[in-house]
1. Based solely on its DSSP helices, what 222 nm [θ] is calculated for the chain when runs of n ≥ 4 H residues each add -39,500 (n - 2.57) and the sum is averaged over all residues, nearest 500 deg cm²/dmol?
2. Using a Förster radius of 30 Å, what is the FRET efficiency between residue 14 and residue 95 based on their Cβ-Cβ separation? Nearest 0.05, please.
3. For the pair residue 50/residue 38, report the inter-label distance in nm, with labels modelled 7 Å from Cα in the Cβ direction.
């Protein structure tokens with residue numbers, strides 16, 4: 001069992017976005033396996049998936065939809081086993097992101113991601 005601290009949650013949020021940004025399928029899957037609980041869940045307005053395989057598939061689909069785009073992490077606010085943070089998606093170095101979101105992450109007792117609940121604040125064409 002891992003002590004869940006604000007630092008642990010900050011690192012989980014960083015590694016979570018690293019998985020979204022990892023374009024090598026094998027390396028991305030390795031990150032998913034390391035960071036997510038086996039039965040982890042991801043839910044946002046456009047998707048609801050459970051399990052590492054489905055999460056990895058979702059990340060790959062998002063990368064295909066937004067090729068060349070990168071996620072960047074905003075400030076992480078954390079307590080107990082919960083973290084909330086904003087993120088941006090856009091071309092690296094762009095003045096304005098294409099997509100802006102807000103996620104809430106929960107950690108399992110062993111320090112992995114148990115669930116992420118995502119909210120989309122700005123999306124193209126909305």
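Each reported figure results from applying straightforward, stated rules to the coordinates on display, with no laboratory input. Computed from a predicted model, the values in this text were never measured in an experiment. Positions of Cβ are backbone-derived with ideal geometry, glycine not excepted, and every protein chain shown enters the neighbour counts.
1. That calculation yields -10500 deg cm²/dmol at 222 nm.
2. 0.80
3. Result for the modelled spin labels: 1.5 nm.
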